[in-house]
Every structure is written in C-alpha cells, then in structure tokens.
1. Please list, ordered by chain and number, the residues whose modelled amide H lies under 5 Å from the amide H of A:Asn262; skip anything fewer than 5 residues away on the same chain.
2. To one decimal in nm, how far is A:Lys409 from the same spot in the other copies, if labels go 7 Å from Cα toward Cβ? Please give the shortest first.
3. Could you pull the copy-to-copy label distances for B:Asp106, with points set 7 Å along Cα to Cβ, in nm to one decimal and sorted shortest first?
4. Take the cross-link list A:Lys443/B:Lys336; A:Lys51/A:Lys443; B:Lys272/B:Lys409; B:Lys310/B:Lys336 and give me the ones stretching past 27 Å between alpha-carbons.
5. Could you please report the charge total around B:Arg179, scoring K, R as +1 and D, E as -1 over all other residues with beta-carbon less than 11 angstrom from its beta-carbon?
6. Is it possible to state the helix-based mean residue ellipticity at 222 nm for chain A, with each DSSP H run of 4+ residues giving -39500 (n - 2.57), the sum divided by total residues, to the nearest 500 deg cm²/dmol? What is it?
7. Distances from A:Asp149 to the same position in the other copies: list them in nm, one decimal, shortest first, using label points 7 Å from Cα along Cα→Cβ.
8. Assuming R0 = 22 Å, can you tell me the calculated FRET efficiency for the pair B:Ala254 and B:Ile128, based on Cβ-Cβ distance, to the nearest 0.05?
Number of protein chains: 2
Amino acid sequence: MLRIPSLLLFFSCGAVTLHAQADSDSLLVRSIYDEALGHGEAYENLRTLTKEIGHRLSGSQSAAEAMDWGKSVMEAYGADRTWIMPVTVPSWTRGTIAEASSIGADGAATALHITALGGSVGTPNNAIVEAPVIVVKRLDELNPESGVDATGKIVLFNRAMDPVLINTGAAYGGAIDQRGNGASAAAASGAVAVLVRSLTHALDTLPHTGALRYRDDAPRIPAAAISTVDASWLAHALESDPAMNVRLQLNCEAFEDVEQGNVIGEWTGTVKPHEIITIGGHLDSWDIGEGAHDDGAGVVHTLETLRILKAIGYEPQRTLRFVLFINEENGNRGGKEYARQAGIENEQSKLVHVGAMESDAGGFVPRGFRIDASDAATDVVRGWRALFDPYNVHLFRRGGAGVDISPLKTLSPRPTLLGLSPDGQRYFDFHHSSQDIFENVHKRELELGAATFAAALVLLDRHLPSPE
Amino acid sequence: MLRIPSLLLFFSCGAVTLHAQADSDSLLVRSIYDEALGHGEAYENLRTLTKEIGHRLSGSQSAAEAMDWGKSVMEAYGADRTWIMPVTVPSWTRGTIAEASSIGADGAATALHITALGGSVGTPNNAIVEAPVIVVKRLDELNPESGVDATGKIVLFNRAMDPVLINTGAAYGGAIDQRGNGASAAAASGAVAVLVRSLTHALDTLPHTGALRYRDDAPRIPAAAISTVDASWLAHALESDPAMNVRLQLNCEAFEDVEQGNVIGEWTGTVKPHEIITIGGHLDSWDIGEGAHDDGAGVVHTLETLRILKAIGYEPQRTLRFVLFINEENGNRGGKEYARQAGIENEQSKLVHVGAMESDAGGFVPRGFRIDASDAATDVVRGWRALFDPYNVHLFRRGGAGVDISPLKTLSPRPTLLGLSPDGQRYFDFHHSSQDIFENVHKRELELGAATFAAALVLLDRHLPSPE
C-alpha cells in the first residue's frame, strides 16, 4: 500500500502547476483505492450493521441501536466531534399478518406473495377483505371519464418496469406512481384495497415494499405489493375467470411520532474550516430484509471514507461532515432537518455549506456520479474524468444526487451536490425486499464504491471553488 | 421495440454524410439493445446449455451433445449453412477421488477442500501420498540456488491474487504461474505433489481448477487446487506445527485423443461476401460447475447475436461466421485449427478474414472492448464511443481479444480482433469452480452483453475498412 507523504499534501495549498496538482491528485486517489481494497473495513462494518443490528425502520428500536453504533464507529475512526441531530420520525409497524389469496369461481384458493406497502393502513378491523378485482396499468384508467367502476373492488396495478431502458432507475421512476399514488387514486374511484406489482425487473415471487402517500381527499385503503410472478399470474387468471375474487388481510398500525436523529461526525478543516462539505447515506431502512444495499452500503461507504482518509494521513482543507441520515424511506425528515439547520448555520454564523455527497444507490461496482450543481461546478467535477479512468469510473451525468441531500439545494449559495452511481442492473432485484441482505453485497464492489466516494470527497475538498 | 426500416440500412451502401451514417448507426444500435432486452433468448439458451447439457469438458459426451445443440440453434436462427470443423481434442477425466487432509504432529486430521488441476496425473497407483509440506509464494523460491529442499515434499503455492489491482484479470495473470507451471517447478526440485492456492479474490472453501502444463524435463507429479480459506489455514497451521504432513489422493486419468470440433454457422454477406468476420465463444468448459460464465455466456452471446440481427432485419455486408470453439480450456486446439484453415482460405481462395470478435470473460454487465488491431483499425473502433455511451459501454482499451481468436493474428493481412469486456469484479468468484452455474448469471447483464456484442459486430461489418 502506498501512503502519501505529507509533502505531497502540501502541494495543494501552494502555487503549483496544474500538472503537479494532477500528479498529486492521482497519487492521492491511488492511495485511497489501495487502502480500501487492501485494508478495507466496509464489508465487516456492513456485516455488523445488517447481521447484528438488522433492519432499521424509522422509529424502531433497531434504528436507535444503529444510531448508537454509527456514532461509536465515527468516534473510533477519529472524528473530531460527533453528535445526534434530533429528528422526529414516524412510527409504523407492518404487523404480523400480510396474507392474500385469489378465490376462483370454483372456490379454489391460490395464495399470493404480498407484503404491505410502507404506511398502509390495515384492513378494517384487521379482518379479511374480499372483493372482485380489476386490473389497470395506468392511474388515469381510474379517472371518472374512463368509465371504469372500481366501487367495492380491489385494484391490481400491473404495469411492469420497462425492460428496454438501460437505466434501471429510470424504469423504476416510470412505474413508481402505482406504488406512491395508486392507493388514493383507486380509493377516489371507490376501491376498497389495492395490490401493486412489485417494482423490479426480476420475475420471481418476492414482494417489494416501499412508501405510499395517502391524499387527504380520498379514503385511506389498505395497499400491498404483490410479487411480479403473482401479479402476472393474477392478471392472466382474471382474463379467463373475471369473477375471481381476492382476499386480503393486513394488520399494519401507525403510532405516535418518536424522536430519533441524524448521526453526525465532524472533522475540522485546516485551511477553510468555515466551509462545510457533507457526505452521507441513510441509516434507516425498510423493515424486511436487512437494508444492506439500501442503504447499508451508503452508511458503510460514509464511515469507510472517514477511516480511509485518516489512514492515508489526509488533512482536509474544509470541514467534513459525515452524516447518517434518518427517515429517508418514509418521510425524508432527516434530510429536511439537516438542510434546515444548515440554512440557519449559513445565515447566523460564518459557516457555509459548499458541497454534499450521497451514496444511496447500492453497494455495486461504482460507475460514476450524478451531478446536481452549477455549470461551473459541474465542469470542475467533469474535469476528474482522467483521474478516475484507471478505476473504470466513467459516468459524470447531471441528475438527482440523493434524497437526503436534495433539500440542501435550497441553500444560498447553492452547494454542489454529487451522488455516487453504482451499476444499477441488479439493484431492483433486492431493493425493498426480504433479499436486501448482506449476502447479496459483493465485498470488492462495496470496497470500490467506498474508494470512489472517498476519492470524490478529497477532490471536492481540494478543488471546489469557494463561494465569492 | 423499434424495428429498422430497410431504407435505413440502405444508407450504409451509398454516399451519405457522416452525420446521416451516425444517425443510422445509432438507430441500429438502439434496435439491437431493444431486441436483446425486450425479446431476448440468451438467458433461456444458457439455461438449456447449462442445465440440460451441463459441463462440457473437451472429449466428453456432453461436449459432443453441446456441439449438436449449438449447430441446431444456428440452423433455427437462420444461418445460411452450418458445419462442424473437426478438431482432435484431449480426453482427460478428473476421476472420482480428490481428497486431502493435513495430519498434525498430534495425529489430528483436518480435511482440505481441493480438486485436481486439469491435466494432472493421479497419485501413484491412485493411492494416498503423504508427505511434509513446504510453503512458497513464488516459483523461483524452488530454484537450486534458493536453498529450499523440496525433495520428498508436497509444495503449497500460496501467493494470493493482488487485491489492489482494479483489473481482476491482471491479478489473475499475476498469480497464474503457480497453477500453470508450479507442478513442474516443484517436481524439478524433488517434490512429490503440489497444492495451488485457488485463483480467486474470494475467501471461501471453493477450489478452482484450471489447466497445468507439465514440462518434459521434470517428473509429472499430481497437482490440486486448494481453496483460499484452506490454503491460508494450512500455511498458518504449518507455522506452529512445521512437522504437519499432508495426505493427497487423486485418480485422474488421461485417454487417447478424440475427434470433436468447432461448430460454425455462416451468413453470407450481400456486398462483400468474400470478406469474413468471425464472432464466437468457446463451447467447452471445465468439468465442475456448469461452465455458465466460462464460457456459456460467450456461446449464448454468439447465438443471440445471430438471432438479434435476423430479428431486426439486418443484412450483412460481409460474410459473418458464428463459431463455437472447442478445447479453449486445455489446449486451444479449436482456435488453432480455425486459424490454420482461415490461413488456407486466405491463400487458396478469394476469401479474406478481416475481423474476429470473442466473448470469453463472463456474462456480467458489458463495459467495453479489448482491441487487438492496427492503429488505423483501433481508431475506427474507438470512434464508436459516442454510439455506445447511452449503454454505459465505455472501455476501448488495447489488449488480448480472446484465446480462441488469438491465433488469427498470424494471418496476413492481419484481421482486427475485438474481445468483449464485461465487468470483471465477480468473475473469479465463480471461474473454474463448482459455482460457475446458471444461477450465478444475471439475466439483464447477459442480455446487455449480447446486445453489445451484436452492436459491435454490426459496426465492424459496416465500417471496418477493407484490406487494400
């Protein structure tokens, strides 16, 4: 492993040629990858987070345990100070019952693989709802003018993610209205419950959960994700047996909000300590699986970045804030509170938030970055192409950088936001399902992601122009 | 799905602006990806090859079945003609016994996970060999001047693949001398057998086989791969108990060569039928696992390329040869025979082999190409960057294009050779092991690989300059 002599670090502060600066950057980046691949702790940290603590739904006991753990790792890795920023988060439980079956005209029952959508109400009195089914692919099929009558029915939303889109995130985005808004759209036209085709390209029997949003102007009806195989089967079966009913039973429950918080570790800058760069992922996860890719990977990428930079003897110019956000999955209250306080810091003190990075797209092999920044800052980031070329990191596209850091966009001056872009082909196989577990994260891919994240932080720290 | 009107294809033959040509290429490439992702058959073909036929060691009955199957798929997909090019291949069997254990000074036995290296002799009389062990990391530690005495011992080669290299193939290349040449190096200094640390970054109990080469000037001694976990454990245990012995038993056997062959499907060009472009992978595999990534993926990439081009109505300018090579793993006799006959075709008839492409690096998400070509042809291929950018295919590096097609380099004029480069981070987890099975290939990644392979073939066909 190459350790960077402190002499090299000195270069970044002085008047040096661009060539020498590029050499210095190149050696720094190489030392970061060597440390991540040769002495990495991200994988063991992910094992601890997923196997010892487990899934971490906002408001749960395990989320609270994860907060303590994350803070202690930051301390062990040498953060100057750590604290919890209190955030009031929702508390919801899936319950113990999530059952559905189809009942044919001949009375034959077929069990369906389902799980409640996050935030769903239970079935009335937690009892079985039985109703006929209509199948739609688009929400506007439920508009009054469409002539579809959903009154008293269960609506199956069965639009698949588009397989020909190369970007699986775009395919997800093209289908997510069914999960987010389907329940209220169906309720507004009289439905009693909804089943939503799971958001994955995989054809299997895994249901994938995720947040729904109830509108205030429609009844709150129970909503469940159904596996892709079951959704396709049910839609097909209904063609030959339109009188088929579905029985659904859920006992989800919502409780009073509770106080949890964002976990923050700070490392004070040596040259411009009043300028803040934030780097993070979200600590909360859904309550099935282990939140390994979503977003255990982002959590350990963040912690590993701190560890790597300390290990190679890096001395940050700006103040670096390592943040494990709470409540990304069902409210983004952690991200909103962080941005609110950052705004206060910007206004009331001499601090300024110049940049933020997030890892919340899985632990797969890193391909590049989504850039959400001014034209000038975007050009700075795109100038890193050659530095990342040896690591096969090549995507420098504009796009959303991450849910948790996105509220920082409203700050003035506008901070530069970057999102780590891992390869996305496998992400939705696991996302929000019982299979988002440690065993489905690859050690080297996770380490390469951590190195890429850490390298980008160093380059931001060294080269992001200060606000005028 | 977009199907290309034949009008568009016409453009490539006429005098058109570069801009129109780029538009036409872009639409063609898009239609290829749409077909692969929307109507792909590669995954089902791989299931048939791996689950119905199974592994396919040269000389085996299953390799012969795979030849018949491959030829029939080419016929079903509309090749103008198909044939088998006879190739005499080795016949070797692993046998039924591959056992090893360590015997401590206290007599305690610990079983070790091993498998014979390909081509190894059995232990003498197929009986147990028991001997003390010496551990080395480099072959030159066995040189006479090193002072190491291996007489009567079992040598454990225990150099790990370098984890800090980003390119796992380079890490493999940096450790492979232990497997390929370790047995003869050890035998020359008196050893009775060797164990070779499996060539993978993974720390697990899977042994990974692969070919060894016996020198003529040293005794042929038995050689086995040992899992990384067992190799590390054994090396560590020997430090505290140097008197520990290892027992090894193998009953491998070599037989007379048998005749099998390369499977070839030809599609005659419409403009320059005398110019041949070859595209292929290798049909044979090792005899553990199912040869799913190595090289079932390359086989189905090749077949899918034919299917896709027919489905979109492509009309090739040159003659395309789809080739499933035999015997890549332990002799490359298929690749050598193909090049020998290509040389005869070049000399004796009016044919000329202008290009060849191979897929033999797994079914993972495609990253780009290894280019083995003249400077001018390399520039042509690098000119495709923008066309492939929407598909995240970005590597256009010079390098070896594939074992099977590499003998074509000796032809005059020199053909342009391209190798498909999938992401390599997971490849050596499975390579040559019992886990190189269908279940470890991802459907979309396999389909993206097929599309990338097919698109490159079309671009070669349309834009590779003809020899002067």
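Values quoted throughout were computed directly from the atomic coordinates according to the rules given, and no laboratory measurement underlies them. All of these numbers come straight from a predicted model, not from anything done at the bench. With ideal geometry, Cβ positions are generated from the backbone for all residues, glycine too; neighbour counts draw on all protein chains shown.
1. The answer is A:Met85, A:Val87, A:Ile326.
2. 5.0
3. Here B:Asp106 shows inter-copy label distances of 6.6 nm.
4. On the way: A:Lys443/B:Lys336 38 Å; A:Lys51/A:Lys443 15 Å; B:Lys272/B:Lys409 21 Å; B:Lys310/B:Lys336 29 Å.
The answer is A:Lys443/B:Lys336; B:Lys310/B:Lys336.
5. Numbers: positive: B:Arg159, B:Arg197, B:Arg213; negative: B:Asp177.
Net local charge, B:Arg179 excluded: +2.
6. -10000 deg cm²/dmol
7. Label point to label point, same position, other copies: 9.9 nm.
8. Here the calculated transfer efficiency is 0.60.
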